[in-house]
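The values are calculated or read from the model by the stated rules, or taken from the named source; none is laboratory data. Remember, it's a predicted structure, so these values are computed and weren't measured experimentally. Positions of Cβ are generated from backbone atoms using ideal geometry, with glycine treated the same way; all protein chains shown enter the neighbour counts. Note: areas computed on protein heavy atoms with side chains; ligands, DNA, RNA excluded. Shrake-Rupley method; radii C 1.70, N 1.55, O 1.52, S 1.80 Å.
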Amino acid sequence: MQNVLEILQKCTAYFSEKGIETPKLDAEILLAHALGCKRLDLFLRFEEPLTEDKLAPFRNMVRRRAKREPLQHIVGNVDFFGLKLKCDARALIPRNETEELCEIATTKLFPDATAKISILDMGTGSGAIALAMANHFKDASVDAVDFSDNAIELAKENAKNLKLNINIFKSDWFENVEKKYNLILANPPYLTDKEVEEASPEVRDFDPITALVAKDEGLQDLRTILSQATQYLENSGVIICECGLNQPQILAKEATVKYGFTSAETVADLSYRERFLICKK
């Protein structure tokens, strides 16, 4: 009978052979999930022998991960900006970069957590951004839109599970939006077909393609949003967008010249890449 340490070592080696980027961490997360304990608790259980009935669900998860199914889909959730969100193939897996978008909104743009502001999350997917805003700004009014029925269903499940009050409805960008907001956040598709082809299997084969790819070198949806956004912003309202490589610089120039914003600013992510665009009405 193998113990916890031996199982982890074998799984780590197997994941390494399969090209998984973080084989040791993934092995630990999956075993902890199978055993119903915290990952750090495994280090106190290294010598514990594991019976086959305990290993069976773990083996199934290992097979799925070896086929490069995302870890978040296997465990069924993802941590995002202090929240635990249900996560599956219905919507894009929330990324660390999108947490940075939320950080900018809550520290740079609206540092007062008691602000009674109106917020719109465009292309909400799992509801991650909208729910993060509702959790942070307790007195805010938060709307969330998406074109995908599957994504809307998942976002509503997350809102119910977290007991957070947001208004979720179907809209192709601003199509069904009828009010103005102090803050609009958007994480639209911004990758090119080539970038998706070159992405990891976890992204290429499991994320909804419509949540990833945009025409016009990845800029079409961002331009659609920015070209209409001033109509849906209050005076001095702000929109912040997550963008792809080199896109914020291009869009910042267009924002004041073409789209009627008074100012446009690019912000780098933690890897020092210009990733975010902030435009003020």
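Give the range 248-274 a look and list any residue that's within 15 Å of E97 (Cα to Cα), out of contact with any helix residue (DSSP H, G or I) (no Cβ under 6 Å at 6 or more places or on another chain) and of a type in the set (S, T, N, Q), or say none.
S271
How many of the residues making up the range 149-193 are of a type in the set (D, E, K, R) and crowded, with 18+ Cβ neighbours inside 10 Å?
Residues in the range 149-193 being of a type in the set (D, E, K, R) and crowded, with 18+ Cβ neighbours inside 10 Å: 0 in total.
Exactly one of these conditions fails for E99: (1) open to solvent by 40 Å² or more (accessible area, probe 1.4 Å); (2) free of Cβ contacts under 8 Å to residues at least 40 places away in the same chain; (3) farther than 20 Å from D143 by Cα. Give me its number.
Failing condition for E99: (3).
Would you point out which residue out of A13, A34 is touching a residue at least 24 places away in the same chain (Cβ under 8 Å) and among the small types (G, A, S)?
Numbers: A13 fails: touching a residue at least 24 places away in the same chain (Cβ under 8 Å).
Among A13, A34, only A34 is touching a residue at least 24 places away in the same chain (Cβ under 8 Å) and among the small types (G, A, S).
Out of the residues in the range 1-13 meeting the condition of being crowded, with 19+ Cβ neighbours inside 10 Å and among the aliphatic types (A, V, I, L, M), tell me which one is farthest from R68 (Cα to Cα).
Among those that are crowded, with 19+ Cβ neighbours inside 10 Å and among the aliphatic types (A, V, I, L, M), it is V4.
Filter the range 14-58 for residues that are surrounded by fewer than 13 Cβ atoms within 10 Å (Cβ to Cβ), in a helix (DSSP H, G or I) and of a type in the set (G, A, S) and give the result.
A56
Within the range 233-241, does at least one residue satisfy the condition of being assigned to a helix (DSSP H, G or I), open to solvent by 40 Å² or more (accessible area, probe 1.4 Å) and in contact (Cβ under 8 Å) with a residue 40 or more places away in the chain?
Applying the first criterion (assigned to a helix (DSSP H, G or I)) to the range 233-241 yields none.
Within the range 233-241 (the criterion being assigned to a helix (DSSP H, G or I), open to solvent by 40 Å² or more (accessible area, probe 1.4 Å) and in contact (Cβ under 8 Å) with a residue 40 or more places away in the chain), the answer is no, since none of the residues qualifies.
If only one of L270, L222 is open to solvent by 10 Å² or more (accessible area, probe 1.4 Å) and within 18 Å of the chain's Cα centre (by Cα), which one is it? Steps first, please.
Values: L222 fails: open to solvent by 10 Å² or more (accessible area, probe 1.4 Å).
Exactly one of L270, L222 is open to solvent by 10 Å² or more (accessible area, probe 1.4 Å) and within 18 Å of the chain's Cα centre (by Cα), namely L270.
Of the residues K179, K156, K116, K138, which is outside any loop (DSSP other than H, G, I, E, B), charged (D, E, K, R) and out of contact with any Pro (no Cβ under 8 Å at 6 or more places or on another chain)?
K156
Considering only residues that are among the small types (G, A, S) and touching a helix residue (DSSP H, G or I) at 6+ places or on another chain (Cβ under 8 Å), look in the range 65-96 and name the one that is surrounded by the most Cβ atoms within 10 Å (Cβ to Cβ).
Of everything passing the filter in the range 65-96, A91 is surrounded by the most Cβ atoms within 10 Å (Cβ to Cβ).
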